[in-house]
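Bear in mind these aren't lab numbers, they're just calculated from the coordinates by the rules spelled out. Since this is a predicted model, take the numbers as computed values, not measurements. Positions of Cβ are backbone-derived with ideal geometry, glycine not excepted, and every protein chain shown enters the neighbour counts.
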Amino acid sequence: YKRHLSTTSNSQTPNSTMAKTKELSKDTRNKIVDLHQAGKTESAIGKQLGVKKSTVGAIIRKWKTYKTTDNLPRSGAPRKISPRGVKMITRTVSKNPRTTRGDLVNDPCLSQYMRRNAELHPKNTIPTVKHGGGNIMLWGCFSAKGPGRLIRVKERMNGAMYREILSKNLLPSARALKMKRGWVFQHDNDPKHTARATKEWLRKKHFKVLEWPSQSPDLNPIENLWRELKIRVAQRQPQNITALEEICMEEWAKLPATLKCTYDENYRPLSSF
């Protein structure tokens, strides 16, 4: 599942005239962008995913403008805590009814989810190169034992390239992480992941793959890691694409200490994006 890290000149606010879109899962919005980049028309994407053409167009336009499929800040007073934060707080208090407000505020595993749209705050976005800007596409994987390989994808991602990436990077990552026998591979329902050729390749390689329920972005533990990487890279303010790539690799290698929070709330397979 490909991801982009971008350089941005300043924080932006959504255009008030932008068409309103039906609330779709992050997984579906990412699929729309992937299919658009693969050359599919808005009509074809809409038919394939069961989404209105106007909604597909609005999501693509937002991605072209802001280089993200995340929900941008809206007018009006925002809720103090995101829906995911509410769920995590409820789970924490259920496990330990004596949890205090101070315990919640000071818990590093909760703090990153407490504030809605925190990742869109200027201090958490990737800063832009002053002359030109740009972004890079990355593929990476990780497990409860730490991050595996992270590579830059320089060409358009398709099914064949995805399988090549898995072939060159997945097993070496599993070996480096000293994964025990029976480990499970997890990726989402991106068309490249669910293609017949990809499924057949995984079967021949004897990979055990976690079945991914449709419309279930909350099951993707790597989103937490991705958010952490974006924040760390933003703080170092890369000034060009070369620096952006180098900083991504450096910060990725420093992430193991942050994984406990991610995996306390998620599954423990080897995940990729």
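Below is a table of values for the structure above.
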quantity	calculated
FRET efficiency estimate (nearest 0.05) - Cβ-Cβ, VAL86 to LYS47, R0 30 angstrom	0.25
Highest-first arrangement of 229-237, 45-53, 175-183, where packing means the average Cβ count within 10 Å	229-237, 45-53, 175-183
FRET efficiency estimate (nearest 0.05) - Cβ-Cβ, LEU171 to LYS199, R0 25 angstrom	0.90
GLU23-ALA160 FRET efficiency (beta carbon distance; Förster radius 35 Å; 0.05 resolution)	0.55
Under-5 Å amide H pairs with GLY134, H placed in peptide plane, nonlocal only	THR7, VAL129
GLN235 versus GLU250: modelled label distance in nm, points set 7 Å from Cα along the beta carbon direction	1.3
Interchain or long-range residues, amide H under 5 Å from VAL153's placed H	MET137, LEU138, TRP139
